[in-house]
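The values are calculated or read from the model by the stated rules, or taken from the named source; none is laboratory data. This structure is a prediction, so every number in the text was calculated from the model and none was measured. Note that we place each Cβ from the backbone using ideal geometry, even for glycine, and neighbour counts take in every protein chain shown.
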Amino acid sequence: MLKTSQAIFAVRDVKETVAFYRDVLGFTSHWFWGDPVSFGGAGWGDVHVMFHQQPHIAAHIEGHEHAFNTDDIDGLHEKHCAAGANIVGPIGNKPWGIREYTVRDPNGYHLRFGGPTKYERPATATESMPTFIRIVPRRPTWEEYSAIQTDIGWGKSPQSYDIAGRSLMHFVAIDQRSERVIGTTRVMHDADGWYSIWDVAVMKDFQNQRIGSALMEAAVAAIRAVSPTAIIYLFTMKHGFYERLGFHTDTVTMKRL
């Protein structure tokens, strides 16, 4: 069974490379081996990288990649920019589900730093919910539930609909022009004083119009009406969106006191 893994980079100059990882990237420990130095390494917490002085190989590695993970991708990006790191790939939410940017090290390695995605409000987003949308406290029908799940690409099945039916509360967003349900969410009562909000979903054509926010606000208000001091949890990757509604990150969940 494997326990750990460390990258060993072929570099043109070990001392120069260690200085870059320490002074620019922020690695907190380092070591050298050999006289003259031919090997070395740098560490930051549980992350360690080793360097082998092999300039004949390093001359041909331009663009080779290595990835690092962090919980504070934007904070680390700010530090790297301030330290003068050569950012060759701008920071942003990537299609593969992380927020990432790329730094070129002195040898030509492209170091990809990634972390949780950040909610970025689209330029087309509206400041208020359309007046023809109404939030109603009721459970969606199977047909309404299925249509929304299909529209946004979530999995759907009668079993998942039955499980959702066990929730304490449901809310739907209705387009009053057609009386069509275009958004849903639900509330679970997990324990005394503990609630969670699930499946905030809005059809694609109605997203970024504050409908999801209105569904969340209705759910939070309903929970507060029955339990003013309740702790409210949700599970999401869109942390920035929910932070605007008063939630804060707690390990893999978000909660609102």
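Observations, loosely collected:
- Options 100, 127, 179: the member that is at positive phi and of a type in the set (D, E, K, R): 179
- Answer residue from segment 134-160, given it is among the β-branched types (Val, Ile, Thr) and under 29 Å from the mean Cα position of the chain (by Cα) and is farthest from residue 208 (Cα to Cα) among those: 150
- Residue in segment 120-131 that is under 30 Å from residue 26 (Cα atoms), outside the structural domain of residue 210 (by TED's automatic domain parsing), part of a loop (DSSP other than H, G, I, E, B) and out of contact with any Asp or Glu (no Cβ under 6 Å at 6 or more places or on another chain) present: yes
- Condition met for residue 159 (more than 30 Å from residue 67 (Cα to Cα), in a helix (DSSP H, G or I) and in contact (Cβ under 8 Å) with a residue 24 or more places away in the chain): no
- Restricting attention to segment 132-161, the residues being more than 24 Å from residue 196 (Cα to Cα) and either surrounded by fewer than 11 Cβ atoms within 10 Å (Cβ to Cβ) or small (Gly, Ala, Ser) (or both) number 2.
- Selection over segment 141-161 of residues that are closer than 10 Å to residue 201 by Cβ and aliphatic (A, V, I, L, M) gives a count of 2.
- Residue count for segment 44-85 under the criterion of being of a type in the set (Asp, Glu), at pLDDT 95 or above and assigned to a loop (DSSP other than H, G, I, E, B): the result is 1.
- Within segment 195-238, the set of residues being in contact with a Leu (Cβ under 8 Å, 6 or more places away or on another chain), small (Gly, Ala, Ser) and in a strand (DSSP E or B) comprises just one member, 196.
- Entry remark, segment 111-131: residues being hydrophobic (A, V, I, L, M, F, W, C) and either surrounded by fewer than 17 Cβ atoms within 10 Å (Cβ to Cβ) or within 30 Å of residue 174 (Cβ to Cβ) (or both) number 3 in total.
Each row is one residue, and each column tells you yes or no for (1) in contact with a helix residue (DSSP H, G or I) (Cβ under 8 Å, 6 or more places away or on another chain); (2) loosely packed, with under 13 Cβ neighbours inside 10 Å.
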| site | (1), (2) |
| --- | --- |
| 39 | yes, no |
| 44 | no, no |
| 47 | no, no |
| 53 | yes, no |
| 56 | no, yes |
| 59 | no, yes |
| 72 | no, yes |
| 76 | no, no |
| 79 | no, no |
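- Among residues of segment 121-138 that are at pLDDT 85 or above, those with a beta-carbon under 8 Å from a residue that is of a type in the set (Asp, Glu) at least six positions away or on a different chain give the pairs 132/175; 133/175.
- Within segment 177-221, the set of residues being small (Gly, Ala, Ser), modelled with pLDDT under 95 and within 18 Å of residue 156 (Cβ to Cβ) comprises 201 only.
- Only residues that are within 15 Å of residue 205 (Cβ to Cβ) and surrounded by 11 or more Cβ atoms within 10 Å (Cβ to Cβ) were counted in segment 162-183, giving 7.
- Looking only at segment 88-110, and only at residues there that are in a loop (DSSP other than H, G, I, E, B) and in contact (Cβ under 8 Å) with a residue 60 or more places away in the chain, the one that is surrounded by the most Cβ atoms within 10 Å (Cβ to Cβ): 109
- Filtering 32, 9, 20 for residues that are hydrophobic (A, V, I, L, M, F, W, C), surrounded by fewer than 18 Cβ atoms within 10 Å (Cβ to Cβ) and closer than 18 Å to residue 54 by Cβ leaves a single hit, 32.
- Subset of segment 1-26 [aromatic (Phe, Trp, Tyr) and within 26 Å of the chain's Cα centre (by Cα)]: 21
- Residues within segment 189-221 that are surrounded by fewer than 17 Cβ atoms within 10 Å (Cβ to Cβ) and of a type in the set (A, V, I, L, M), tallied: 2
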